[in-house]
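Okay, structure first, notes after.
The values are calculated or read from the model by the stated rules, or taken from the named source; none is laboratory data. Everything numeric here is computed off the predicted structure, so don't read it as measured data. We place every Cβ from the backbone using ideal geometry, glycine too, and count neighbours over all the protein chains shown. Accessible surface areas use protein heavy atoms only, side chains included; no ligands, DNA or RNA. Shrake-Rupley method; radii C 1.70, N 1.55, O 1.52, S 1.80 Å.
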Amino acid sequence: MAKKPTLTTADGAPIAAQVSQTAGPRGPLLMQDVQLLEQMQSFNRERIPERVVHAKGSGAFGTFTVTGDVTKYTRAAMFSEVGKKTDMLARFSTVAGERGAADAERDVRGFALKFYTEEGNWDMVGNNTPVFFVRDPYKFAQFIHTQKRDPKTHMRDMDMQWDFWSLCPESLHQVTILFSDRGIPKGYRYMNGYGSHAYSLINAAGERVWCKFHFKTEQGIQNYMDDQAGHLISEDRESHQRDLFSAIEKGDFPRWRLKIQVMTDEQAKVFRWNPFDLTKVWPHAEFPLIEVGVMELNRNPENYFAEIEQASFSPSALVRGIGASPDRMLQARLMSYADAHRYRVGTNYHQLPVNQPRCPVAHYQRDGVMSVGQGGAEAVYHPNSRPGTPQPDESYAEPVWNLGDDVVVDRYDSTVGHDDYTQVANLYALFDDAHRERLASRIAGVLGQARKEVQERQVEHFFRVDPDYGRRVGEKLGIEVDEPAMAT
């Protein structure tokens with residue numbers, strides 16, 4: 001039998017006995033017991049702040065393999081040739097619940113991916129839905145507040161949730177998806193993932209197109225009905241974690257197929273709605289899916305805290321060939337996510353092994369909490385004339401982004417000039433009668449906990465989507481609907 005390693009302090013000093021040092025068998029502790037003090041001090045600091053959103057999650061490592069040639073659209077190194085493999089990490093999550101929430105709750109799911117490419121890390125930070133609740137980032141924090149706890153009761157509050165939604169009809173699309181039969185995935189393996197935002201792809205010739213990312217599950221879409229989820233939560237609050245970990249542990253590796261939609265700049269300029277509006281999708285008939293590759297998760301983390309809890313994903317982690325777009329929510333996330341990690345994990349979160357790029361890193365950022373001295377003794381300023389110091393490379397420049405000659409800076413109202421009903425109506429039309437009835441029952445069950453004026457305002461929005469939608473929810477709430485007035 002192999003000899004076990006000797007227990008030590010954090011400084012490496014061997015420990016003779018794992019018991020406290022006291023003044024006699026019944027006496028008090030001694031301040032000189034540095035082993036005990038170190039253990040207790042470390043224990044007090046084991047937790048880091050949980051994520052404000054996406055606090056409860058699961059993750060695993062894997063590979064991405066290119067199966068389709070998309071070099072006409074992007075010069076991203078990870079897509080450079082068919083058959084190429086790139087190591088990656090995935091983290092899935094619920095959105096609203098705290099770190100101890102149940103996995104099988106009705107909620108949007110996060111779908112965050114980190115690809116360790118030879119030209120830097122690319123993070124695709126999305127959800128299991130192709131749209132979101134709001135299009136203006138100014139509303140994001142306000143919306144998340146409604147999903148958390150009331151400051152007085154310290155409980156989740158349906159009135160504040162529906163009060164917000166009823167005053168923001170742009171949320172209708174996401175709300176309808178959330179309360180549809182896809183609102184509670186059977187597990188993380190059984191849901192699609194979407195970049196949701198429009199991004200830009202840039203090819204070797206410096207040509208830009210707009211793109212949306214779709215990760216289609218090869219396990220098939222599977223979801224729980226409300227009664228199934230309720231029963232499961234009473235028995236297992238870690239159902240999604242257990243399913244993902246167990247599947248990978250026994251070699252049943254989950255896979256997703258990446259496909260993209262592509263829109264040219266010329267098409268974007270004349271499209272019938274704002275193609276960078278996060279509350280809307282691009283019709284597949286007009287912008288068909290193009291296959292790119294396959295993502296497979298095949299390794300569980302050895303230490304959840306180090307490799308998943310401290311994993312930090314940000315839309316600002318972009319690589320050559322993949323860029324931003326005018327999507328306002330994306331523009332705000334480019335700043336806020338990286339800033340959140342610097343608060344939650346630390347200034348040098350990039351230096352943690354799970355977040356560290358697999359390619360050379362050379363910059364002039366220095367010091368801060370937990371720095372490992374990245375950059376060594378090299379110059380800490382630029383420009384400089386010292387030999388061997390990092391310099392910019394113009395070949396990585398993106399093409400010019402022309403915003404037009406008539407661009408006027410102002411605080412434009414994001415509620416004006418948008419159709420928030422047509423795409424929701426198209427989605428509602430896809431549901432059969434039984435699905436519509438389940439949708440209405442779920443919504444009425446929680447909307448009924450809001451004030452009557454909030455209920456009436458929200459039902460009016462449903463009516464504008466489709467009179468049948470409004471009528472079904474209204475009847476379950478006991479609201480008499482004046483159809484002609486509400487449908488105008």
Original post:
Of the residues in the stretch 1-41, how many are outside any loop (DSSP other than H, G, I, E, B), open to solvent by 80 Å² or more (accessible area, probe 1.4 Å) and of a type in the set (A, V, I, L, M)?
Top reply: 3
**OP:** For residues that are touching an Asp or Glu at 6+ places or on another chain (Cβ under 9 Å) and of a type in the set (Gly, Ala, Ser), scanning just the stretch 377-417, find the one that is modelled with the highest pLDDT.
**Re:** Gly388
**OP:** Mind telling me which of the residues Ala450, Ala440 ends up being at pLDDT 95 or above and in contact with a Lys or Arg (Cβ under 7 Å, 6 or more places away or on another chain)?
**Re:** Ala440
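Just to be sure, is Val369 among the aliphatic types (A, V, I, L, M), more than 30 Å from Ala204 (Cα to Cα), at pLDDT 80 or above and assigned to a loop (DSSP other than H, G, I, E, B)?
yes
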Original post:
Of all the strands (runs of 3 or more DSSP E) wholly in the stretch 55-149, which have at least 3 residues that are out of contact with any Asp or Glu (no Cβ under 9 Å at 6 or more places or on another chain)?
Top reply: 85-94, 109-117, 120-127
Original post:
How many of the residues making up the stretch 327-366 are farther than 30 Å from Trp401 by Cα and part of a helix (DSSP H, G or I)?
Top reply: 4
Original post:
Given the conditions (1) among the basic types (Lys, Arg); (2) in contact with a Pro (Cβ under 6 Å, 6 or more places away or on another chain); (3) crowded, with 22+ Cβ neighbours inside 10 Å, and given that Arg208 satisfies all but one, which numbered condition is not satisfied?
Top reply: (3)
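Can you tell me which residues in the stretch 304-325 are among the hydrophobic types (A, V, I, L, M, F, W, C) and in contact with a strand residue (DSSP E or B) (Cβ under 9 Å, 6 or more places away or on another chain)?
Ile308, Ala311, Phe313, Ala317, Leu318, Val319, Ile322, Ala324, listed by residue number.
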Subject >> Residues within the stretch 67-105 that are under 20 Å from Met295 (Cβ atoms), among the hydrophobic types (A, V, I, L, M, F, W, C) and either in contact (Cβ under 8 Å) with a residue 60 or more places away in the chain or buried (at least 23 other Cβ atoms within 10 Å of the Cβ) (or both), tallied >> reply: 9
Original post:
Just a yes or no: is a residue in the stretch 106-113 under 22 Å from Gln356 (Cβ atoms) and open to solvent by 20 Å² or more (accessible area, probe 1.4 Å)?
Top reply: no
Subject >> Pairs where the first residue, in the stretch 118-138, is crowded, with 23+ Cβ neighbours inside 10 Å and the second is in a loop (DSSP other than H, G, I, E, B) and acidic (Asp, Glu), C-beta under 7 Å, 6+ apart >> reply: Arg135/Asp277
Subject >> Residues of the stretch 142-158 satisfying the condition of being in contact with a helix residue (DSSP H, G or I) (Cβ under 9 Å, 6 or more places away or on another chain) and either open to solvent by less than 100 Å² (accessible area, probe 1.4 Å) or among the basic types (Lys, Arg) (or both) >> reply: Gln142, Phe143, Thr146, Gln147, Asp150, Arg156, Asp157, Met158
Original post:
Considering Leu29, Leu36, which residue is modelled with pLDDT under 90, over 35 Å from the mean Cα position of the chain (by Cα) and not charged (D, E, K, R)?
Top reply: Leu36
Original post:
Considering the stretch 353-366 alone, what residues qualify as being touching a Gly at 6+ places or on another chain (Cβ under 8 Å), at pLDDT below 90 and either open to solvent by less than 70 Å² (accessible area, probe 1.4 Å) or β-branched (Val, Ile, Thr) (or both)?
Top reply: His363, Tyr364, Arg366
Subject >> Checking Leu297 against (1) open to solvent by less than 60 Å² (accessible area, probe 1.4 Å); (2) in a strand (DSSP E or B); (3) farther than 19 Å from Pro353 by Cα, the condition it does not meet >> reply: (3)
**OP:** Please find, among Ser395, Ser371, Ser414, Ser441, the residue that is under 30 Å from Asp226 (Cα atoms), among the hydroxyl-bearing types (Ser, Thr, Tyr) and open to solvent by less than 100 Å² (accessible area, probe 1.4 Å).
**Re:** Ser441
**OP:** Report the residue count in the stretch 329-385 for those that are more than 21 Å from Ile48 (Cβ to Cβ) and among the small types (Gly, Ala, Ser).
**Re:** 8
